[in-house]
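The values are calculated or read from the model by the stated rules, or taken from the named source; none is laboratory data. The model shown is predicted, which means the values in this text are computed figures rather than measured ones. Cβ: placed from backbone, ideal geometry, glycine included. Neighbour counts: every protein chain shown.
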Amino acid sequence: MFITDHAHGDSSAQQQTMAPDDRPLYSKGPVTIGDRVWICEHAIILPNVTIGDGAIIAAGAVVTKDVPPGCVAAGNPARVVRRIVED
C-alpha cells in the first residue's frame, strides 16, 4: 500500500524548470484513516482524503476522494461499490 500527503513542487513555470527531486516537498492536505479500516494490498491513498470508520479499500484501488464509513471502495479512481450493513 502507498499513502501520501505531499507532492514534489507545484505546476509553476519556475518549478517546471527544476528536476522533480530538486523541487521542495509540500503538503496537499492530510490523510485521515478511521478505526477498523481494512486497506488491501497495492492500494494507493492520495492527499486530502478521509476514510471513514470500518471502510474497506479494495486491492489496487486509487483513493482520490473521501470514502464514507462502512463502505467498500474499489477501482481507479476508487468509488464506493458497496455499503456494509450490520444486522
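Residues in the stretch 1-25 that are outside any loop (DSSP other than H, G, I, E, B) and either in contact with a Pro (Cβ under 8 Å, 6 or more places away or on another chain) or over 23 Å from P77 (Cα atoms) (or both): H6, A7, H8, A13, Q14, Q15, Q16, P20, D21, D22, L25. Considering I51, I3, the condition of being modelled with pLDDT of 85 or more, among the hydrophobic types (A, V, I, L, M, F, W, C) and either touching a helix residue (DSSP H, G or I) at 6+ places or on another chain (Cβ under 9 Å) or crowded, with 17+ Cβ neighbours inside 10 Å (or both) is satisfied by I51 alone. Contact map, the stretch 36-58: residues that are under 18 Å from Y26 (Cα atoms) paired with residues that are modelled with pLDDT under 95 and not acidic (D, E), Cβ distance under 6 Å, separation 6+ or inter-chain. Pairs shown: I45/I3; P47/K28; P47/G29; N48/K28; N48/G29. Inspection of the stretch 9-26 finds no residue satisfying the criterion of being within 19 Å of V62 (Cβ to Cβ), surrounded by 13 or more Cβ atoms within 10 Å (Cβ to Cβ) and of a type in the set (D, E, K, R). Filter the stretch 51-87 for residues that are assigned to a strand (DSSP E or B) and either touching a Leu at 6+ places or on another chain (Cβ under 6 Å) or farther than 11 Å from V37 by Cα (or both) and give the result. Once the filter is applied, which keeps residues that are assigned to a strand (DSSP E or B) and either touching a Leu at 6+ places or on another chain (Cβ under 6 Å) or farther than 11 Å from V37 by Cα (or both), the stretch 51-87 yields V62, V63, A73, A74, G75, A78, R79, V80, V81, R82, R83.
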